[in-house]
Amino acid sequence: TSAEAGVRARPDARALADRDRARLLHPFLPGEQHSRIVMVEGEGCRLRDAEGREYLDATAGMWLCQVGHGRREIAEAAAGQMRTLEYSTVFWDYTHDRAVELAERLVGIGSDDTRRVFFTSGGSEGVEIALRMARNVHHRRGEPDRTWILTRDSAYHGAGYASGELSDFPPYTTGFGPHPGQVHRLSAPYPFAAGEAPEKATDLLVHELESAIDRIGAHRIAALIGEPVLALGGMVAPPPDYWPRVEQVLRRHGILLILDEVVTAFGRVGHWYAADRIGVRPDLTVLSKGLTSGYFPLGAVVTSEDIARTLGGDGGFPVGHTYSGHPVGCAVALANLDIIEREGLLDAAERAGARLGEELRSLHDIPLVGGTRQYGLTAAVEIVRAPGSRDPLPEGTYAIADQIRDRTGVLVRGGPRALTVAPPLVLSDRETTEIVAAFGEVLSGLPVRS
Ligand code: PMP
């Protein structure tokens, strides 16, 4: 029967939406919004809902589905692992082959083969762990006052107590009582929003970083955390000299660099790790999302050998999660990385991205399009309040993203300023053109307000 094969009957969309409204509390759904989209299946870059409507998933789920939807090979890896060892821990002296193989693989695909891996269940957990590691490593090295964390505007680092505080979206972080504190926020490398030429931007940002370090005192700062490309902030890639110059300043002051590669790793910007593209050697790298392409929740923090040695000594690192190194998650990640490698998806992403960036230029004549940008297989369309302005729409672009979805079936993300896409790395030329056409159709009809 279909139930035995693990295939369920399609739900009745209307009835399911009613049951959903009665019992689910959704992340980020305004209370007054009543629409519900009941997704039932996916293949490649396409998703289908319970009413049979097809979508082109230009968001790769939550920017994570590198290999595309519906990969049987990954499902089989998960099922096979569940049949042999569905769960075991990596606490204390326990380990298992899947966790070891995946750790070896994660180190092997990077440019520094001395690193070590700590597993988590997702991105926010990874950020929390990286923060604790950064503070703890200074503590163990005799600098317990190094507790401040530097973060940046337009950042998103997660939904936890500390990771949320490092994020810059005020509705997500206000109204939750006292803030953890000891966080300093720097300007982001977002030249379009700042109205600057990129060359000038780096000088100003490096100067701002140095002044902040002077003011707070290097001896009180543990780390700077940053996304190589600001994802929720609008798929904003840094000017090429930004990260190397920031890294230089941090090194000079003994401040650790935490790179949040939750979105950018595993081919999103044409490399296994964005660090290898932006030219830095982070002390700690946070991974999740593309690690399993979303087929199973899993995250990781990759540390330098130095940090691993310090944390591994003297009683060890007394932090861990029940699901750290979950065997099914690791098996899924290994199958996912096999596909990325076998199908050459790093190069494919770079090629698809270049084509997408090129085609997006056709939108430049539309009055409210302030500009477009592309980096790897991420892209953004800046929407402005008035032609020629750099000011965003006061309400952001969320409703425009909904319109694009509802009118064209192409899923894009809205944001405070820009519309963004980060499709699966298997995006075809035809699908690229379809994404750009969807933007064109809806954006060219936007009313220009006086
Ligand atoms: N860091 C970045 C850059 C992210 O985009 C996200 C999630 N979108 C997170 C961290 C948090 O990851 P998670 O939602 O898996 O906790």
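The values are calculated or read from the model by the stated rules, or taken from the named source; none is laboratory data. In this text the structure is predicted, and so the values were computed from the model without any measurement. Please note: Cβ atoms are built from the backbone with ideal geometry, for glycine as well, and neighbour counts cover all protein chains shown.
Things to note:
Here's the yes/no breakdown for (1) surrounded by 16 or more Cβ atoms within 10 Å (Cβ to Cβ); (2) on the phi < 0 side of the Ramachandran plot; (3) among the acidic types (D, E):
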{"site": "L377", "(1), (2), (3)": "yes, yes, no"}
{"site": "V381", "(1), (2), (3)": "yes, yes, no"}
{"site": "P394", "(1), (2), (3)": "no, yes, no"}
{"site": "D402", "(1), (2), (3)": "no, yes, yes"}
{"site": "T408", "(1), (2), (3)": "yes, yes, no"}
{"site": "V421", "(1), (2), (3)": "yes, yes, no"}
{"site": "T432", "(1), (2), (3)": "yes, yes, no"}
{"site": "R449", "(1), (2), (3)": "no, yes, no"}
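- Residues (farther than 12 Å from I435 by Cβ and touching a helix residue (DSSP H, G or I) at 6+ places or on another chain (Cβ under 6 Å)) located in the stretch 350-370: I366, V369
- Condition broken by P238, with the remaining ones in (1) under 28 Å from D306 (Cα atoms); (2) away from the ligand (no atom under 16 Å from the Cβ); (3) at pLDDT below 95 satisfied: (2)
- Hits in the stretch 114-127 (condition: of a type in the set (A, V, I, L, M) and assigned to a strand (DSSP E or B)): V117
- Considering residues of the stretch 121-161 that are of a type in the set (G, A, S) and more than 12 Å from the ligand (Cβ to nearest atom) only, the residue surrounded by the most Cβ atoms within 10 Å (Cβ to Cβ): A134
- Taken over the stretch 318-339, residues that are modelled with pLDDT of 95 or more and more than 17 Å from G299 (Cα to Cα) amount to 2.
- Verdict on H184 being more than 25 Å from V206 (Cβ to Cβ), more than 11 Å from the ligand (Cβ to nearest atom) and surrounded by fewer than 20 Cβ atoms within 10 Å (Cβ to Cβ): no
- Matching residues, the stretch 108-158, being closer than 19 Å to P297 by Cα and modelled with pLDDT under 95: none
- Here the helices (runs of 4 or more DSSP H) wholly within the stretch 1-113 that include at least 1 residues being surrounded by 12 or more Cβ atoms within 10 Å (Cβ to Cβ), on the phi < 0 side of the Ramachandran plot and within 24 Å of the chain's Cα centre (by Cα) are 60-63, 72-84, 97-108.
- Filter pass, L64 being of a type outside the set (V, I, T) and either touching a strand residue (DSSP E or B) at 6+ places or on another chain (Cβ under 6 Å) or more than 16 Å from the ligand (Cβ to nearest atom) (or both): no
- In the stretch 313-345, the residues that are surrounded by 20 or more Cβ atoms within 10 Å (Cβ to Cβ) and either without any contact (Cβ under 8 Å) to a residue 24 or more places away in the chain or polar (S, T, N, Q) (or both): S324, N336
- Within the stretch 25-41, residues that are more than 24 Å from H69 (Cα to Cα) have Cβ atoms under 8 Å from residues that are exposed (fewer than 13 other Cβ atoms within 10 Å of the Cβ) in these pairs: H34/R21, counting only partners at least 6 apart in sequence or on another chain.
- Taken over the stretch 292-306, the criterion of being at negative phi and either within 16 Å of the chain's Cα centre (by Cα) or not in a helix (DSSP H, G or I) (or both) is satisfied by T292, Y295, F296, P297, L298, G299, A300, V301, V302, T303, S304.
- Count of the stretch 259-270 residues, restricted to those that are within 11 Å of the ligand (Cβ to nearest atom), in contact with a strand residue (DSSP E or B) (Cβ under 7 Å, 6 or more places away or on another chain) and either aliphatic (A, V, I, L, M) or within 16 Å of W148 (Cα to Cα) (or both), is 3.
- F91 vs. criteria within 16 Å of the ligand (Cβ to nearest atom) and among the hydrophobic types (A, V, I, L, M, F, W, C): no
- Any hit, the stretch 287-301, residues being in contact with an Asp or Glu (Cβ under 7 Å, 6 or more places away or on another chain), crowded, with 24+ Cβ neighbours inside 10 Å and of a type outside the set (G, A, S): yes
- Residue check, R215 out of contact with any helix residue (DSSP H, G or I) (no Cβ under 9 Å at 6 or more places or on another chain), under 25 Å from D276 (Cα atoms) and free of Cβ contacts under 8 Å to residues at least 60 places away in the same chain: no
- Complete set of residues in the stretch 315-354 that are at positive phi and of a type in the set (A, V, I, L, M): none
- Residue within the stretch 189-198 that is within 16 Å of the ligand (Cβ to nearest atom), small (G, A, S), in contact (Cβ under 8 Å) with a residue 40 or more places away in the chain and surrounded by 20 or more Cβ atoms within 10 Å (Cβ to Cβ) present: no
- Hey, D168 of a type in the set (D, E), within 16 Å of the ligand (Cβ to nearest atom), surrounded by fewer than 16 Cβ atoms within 10 Å (Cβ to Cβ) and under 24 Å from A379 (Cβ atoms) or not: no
Let's see how each residue does on (1) more than 20 Å from I258 (Cα to Cα); (2) touching an Asp or Glu at 6+ places or on another chain (Cβ under 9 Å); (3) modelled with pLDDT of 95 or more:
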position: A194; (1), (2), (3): yes, no, no
position: E199; (1), (2), (3): yes, yes, no
position: L205; (1), (2), (3): no, no, yes
position: I216; (1), (2), (3): no, no, yes
position: H219; (1), (2), (3): no, yes, yes
position: P228; (1), (2), (3): no, yes, yes
position: W243; (1), (2), (3): no, no, yes
